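The values are calculated or read from the model by the stated rules, or taken from the named source; none is laboratory data. All values derive from a computational prediction rather than experimental measurement. Quick reminder, even Gly has a Cβ in these numbers, built from the backbone with ideal geometry, and neighbours come from all protein chains shown.
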Amino acid sequence: MSEELERSFGVTKNGEEVRELTLNSGVLTVKLLTFGGAVRVLTVPGREGPVDVVLGYDTLEEYETQGGFFGALVGRCANRIAGGRFMLNGREYALARNDGPNHLHGGNVGYSHRVWAVEEASGCRAVLTLDSPDGEEGYPGRLRVRVTYALEGSELSIRYEGVSDRDTPCNLTNHSYFNLSGQDSGTVLNQSIQLFCSHYTPADSSSIPLGRIDPVEGTPMDLRAGGPIGARIDEPFQQLLWGHGYDHNFVVDGRPGMMRPAARAFSPVTGVVMEMETDSPGVQFYTANFVEEGHKGKGGAVYGPRHGFCLETQHFPDSPNQPAFPCAILRAGERYCQTTRLRFSVAER
């Protein structure tokens, strides 16, 4: 990869060099870090010119020390596991409790804070790999992970693959915060969101699913028709009160394992339209409710609550403890595969 498409982004506190890779399709530009496999920049066409639509940082130190998982790949098991414990093959496994009483996004040092190896990098494609040893963060089995970022015209695809030598939970996703008006433009409340999801998994006050799959109809969780993110976000609905806004797993309509629409978002300011497809069972819609006011971001931007939204394609939260949910156990020797596609366009005024 040529020097202009790859540069040093610094050295971690543990002495590992981090690289930044630039992908360009002629329509989209993506800057990726080997630290956490993070999407640091995603520039797309807007009505008045290019728009960077993901929140991020300018320095490696910020990625190492600041919370929020900005742009990162998370695993071995994305989202939450109740009590940091699960049973598998008659044995109980204990994980880090890094989110109150629960386990979140892989633990204290999940994949979001590991330096990934570059297997392949070219102008439109980057393949990152990670070797996760048996017992890392309490998980059983050595898991070898491969993530491919690829650009084709106006589309960004992310393909996740993994193979383990023992049965283990596996649930990988990307944790980008999107703001289609621009990463430095304030809240996303006037931006439109449409979720192709007729059901969701209600959760308790610590965001652990109650074990039910409920219809969205008749509630503020019904985002099927599309509308402003802020339209119902502050209604006195218990799920929204507990989450301080949207922070919920939605069940993507259609058959898991097949690519199908999951979400469509739109900014009336820039005209940027983002359409998401996935083969995952669910998608976590999160409106950055816990980003601190005055949080410093890249390019002098200042972030705060609801300054971005996440669409984390995934297995359902706490799946290892929820027998009614789609199985998130990767069996020894089998291959984990998951693909998410983002397609960008510009709407007319």
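Considering only strands (runs of 3 or more DSSP E) fully contained in segment 73-148, which possess at least 3 residues that are buried (at least 19 other Cβ atoms within 10 Å of the Cβ)?
Fully inside segment 73-148 and qualifying: 125-132.
Kindly provide the set of residues from segment 55-72 that are surrounded by fewer than 24 Cβ atoms within 10 Å (Cβ to Cβ) and not in a loop (DSSP other than H, G, I, E, B), ordered by number.
Matches in segment 55-72: L60, E61, E62, E64, T65.
Just to verify a result, which residue in segment 294-304, among those that are small (G, A, S) and in a helix (DSSP H, G or I), is nearest to T173 (Cα to Cα)?
In this case the residue turns out to be G299.
Per-residue answers, yes or no, for (1) part of a helix (DSSP H, G or I); (2) closer than 30 Å to G138 by Cβ:
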| residue | (1), (2) |
| --- | --- |
| V163 | no, yes |
| Y200 | no, yes |
| R232 | no, no |
| P236 | no, no |
| L241 | yes, no |
| H248 | no, yes |
| D253 | no, no |
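Results for (1) more than 18 Å from the chain's Cα centre (by Cα); (2) of a type in the set (S, T, Y); (3) under 19 Å from K13 (Cα atoms), shown as yes or no for each residue.
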residue: D52; (1), (2), (3): no, no, no
residue: Y57; (1), (2), (3): no, yes, yes
residue: E62; (1), (2), (3): yes, no, yes
residue: T65; (1), (2), (3): yes, yes, yes
residue: G71; (1), (2), (3): no, no, no
residue: G75; (1), (2), (3): no, no, no
residue: Y93; (1), (2), (3): yes, yes, no
residue: A96; (1), (2), (3): yes, no, no
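What residue, of V269, V291, V283, is part of a loop (DSSP other than H, G, I, E, B) and crowded, with 20+ Cβ neighbours inside 10 Å?
Going through V269, V291, V283 in turn, the sole match is V291.
On the given criteria, is G218 surrounded by 16 or more Cβ atoms within 10 Å (Cβ to Cβ) and either closer than 29 Å to P323 by Cα or at pLDDT 95 or above (or both)?
Against the criterion (surrounded by 16 or more Cβ atoms within 10 Å (Cβ to Cβ) and either closer than 29 Å to P323 by Cα or at pLDDT 95 or above (or both)), G218 does not qualify.
Only residues that are polar (S, T, N, Q) and farther than 22 Å from D131 by Cβ: list them for segment 1-47, please.
Filtering segment 1-47 down to residues polar (S, T, N, Q) leaves 2, 8, 12, 14, 22, 24-25, 29, 34, 43.
Within segment 1-47, S2, S8, T22, N24, S25, T29, T43 meet the criteria.
Tell me which residues, restricted to segment 146-191, are of a type in the set (K, R) and either in contact with a Pro (Cβ under 9 Å, 6 or more places away or on another chain) or farther than 20 Å from N79 by Cα (or both).
Passing the criteria: only R166.
State whether the residues of segment 26-42 include one that is of a type in the set (V, I, T), more than 30 Å from F316 (Cα to Cα) and within 23 Å of the chain's Cα centre (by Cα).
Checked against the condition, which is being of a type in the set (V, I, T), more than 30 Å from F316 (Cα to Cα) and within 23 Å of the chain's Cα centre (by Cα), segment 26-42 yields at least one hit.
With respect to E119, is the statement that it is free of Cβ contacts under 8 Å to residues at least 40 places away in the same chain and on the phi < 0 side of the Ramachandran plot true?
Considered against the rule, which asks whether it is free of Cβ contacts under 8 Å to residues at least 40 places away in the same chain and on the phi < 0 side of the Ramachandran plot, E119 comes out as yes.
Condition first: touching an Asp or Glu at 6+ places or on another chain (Cβ under 6 Å) and over 13 Å from G56 (Cβ atoms). Now tell me which residues in segment 290-313 satisfy that.
Within segment 290-313, G304 is the sole residue that qualifies.
Hey, among the residues in segment 161-212 that are among the hydrophobic types (A, V, I, L, M, F, W, C) and surrounded by fewer than 18 Cβ atoms within 10 Å (Cβ to Cβ), which one's nearest to A301 (Cα to Cα)? It would help to see each step written out before you state the result.
Our first condition is that a residue be among the hydrophobic types (A, V, I, L, M, F, W, C); within segment 161-212, this holds for 163, 170, 172, 178, 180, 188-189, 193, 195-197, 203, 208, 210.
This time we only want the ones that are surrounded by fewer than 18 Cβ atoms within 10 Å (Cβ to Cβ), so: 163, 189, 210.
On the way: V163: 39, L189: 18, L210: 37 Å.
Residue satisfying both the conditions and the ranking: L189.
Taking A94 as the residue in question, decide whether it is touching a residue at least 40 places away in the same chain (Cβ under 8 Å), farther than 18 Å from F325 by Cβ and of a type in the set (A, V, I, L, M, F, W, C).
Yes; evaluated as a whole, the condition is true for this residue.
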